[in-house]
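Below is one structure, written out as structure tokens, with a few remarks after it.
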Amino acid sequence: MIVVVGGVPGAGKSTVIQRAREYEDFDYVNYGDLFFQLARERYGIEHRDDMRRKLSIHEYRELHRAVADRIREIDYRDIRKPLVVDTHFMIATPVGFYPGFPEYIIRSIPAVAWVLIEAEPEEIRARREQDAAIRKRGGGIEDDIWTHQDLNRSAAVLYAYLTNGAVYIIHNRQGHVDDAAKELAQVIRSCRTGQ
């Protein structure tokens, strides 16, 4: 059972996911980390930024398929244990927003739920400023947080339509990460048990 969790950079999705593991047992994979790992293994890519510069569109597509295959392998190891995939639904680039999942990948990852972790734009900006020393975020189109979150909602609906899944939105309010984590754990539990 696959649950995909997304959010704009700074919304706190990875933090919420990790905290949710205290309340519900599930496997975890970060889509971007797995993509980069396979790019390094197959094409000798040393830095994430090199993926955009050095890989052909054919190689990118092959990597997406390989990531989907790995995700299915993890999911099928124990069909009773949920698998949470940490990713981005829409990706802000200098030339616009790109879907995080190509259609041919969405159909091959049978997610039962698409969960958005959201926060107020002011909170997201503050988190990005705190992370500035360790992460390169923001600038240009990425600063339009409202638009990015709106596009994430649209993408979640489309992805759910293509997989016959459900959409959930969880608000990660500043200082209340535990509440968001408990809500995510409940979503995962409900998907697993139907209650």
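Structural remarks
- Residues located in region 150-183, provided they are polar (S, T, N, Q) and either modelled with pLDDT under 95 or out of contact with any strand residue (DSSP E or B) (no Cβ under 6 Å at 6 or more places or on another chain) (or both): 154, 163, 164, 174
- Evaluating residue 124 against the criteria (1) in contact with a Leu (Cβ under 8 Å, 6 or more places away or on another chain); (2) surrounded by 13 or more Cβ atoms within 10 Å (Cβ to Cβ); (3) touching a residue at least 40 places away in the same chain (Cβ under 8 Å) leaves one unmet condition, (1).
- Subset of region 84-111 that is in a strand (DSSP E or B) and in contact with a Lys or Arg (Cβ under 9 Å, 6 or more places away or on another chain) - its residue that is modelled with the lowest pLDDT: 93
- Positions within region 1-31 being of a type in the set (Asp, Glu) and farther than 22 Å from residue 105 by Cα, in sequence order: 22, 24, 25
- Hits in region 19-74 (condition: closer than 16 Å to residue 85 by Cα, outside any helix (DSSP H, G or I) and not hydroxyl-bearing (Ser, Thr, Tyr)): 21, 24, 25, 26, 27, 29, 30
- Condition met for residue 143 (surrounded by fewer than 16 Cβ atoms within 10 Å (Cβ to Cβ) and at pLDDT 90 or above): no
- Sub-7 Å Cβ pairs linking a first residue in region 142-155 that is of a type in the set (A, V, I, L, M, F, W, C) to a second residue that is surrounded by 14 or more Cβ atoms within 10 Å (Cβ to Cβ) and in a helix (DSSP H, G or I), at least 6 apart or interchain, are 145/121; 145/124; 146/121, ordered by first then second residue.
The values are calculated or read from the model by the stated rules, or taken from the named source; none is laboratory data. Model, not experiment: these values are computed from the prediction. Please note: Cβ atoms are built from the backbone with ideal geometry, for glycine as well, and neighbour counts cover all protein chains shown.
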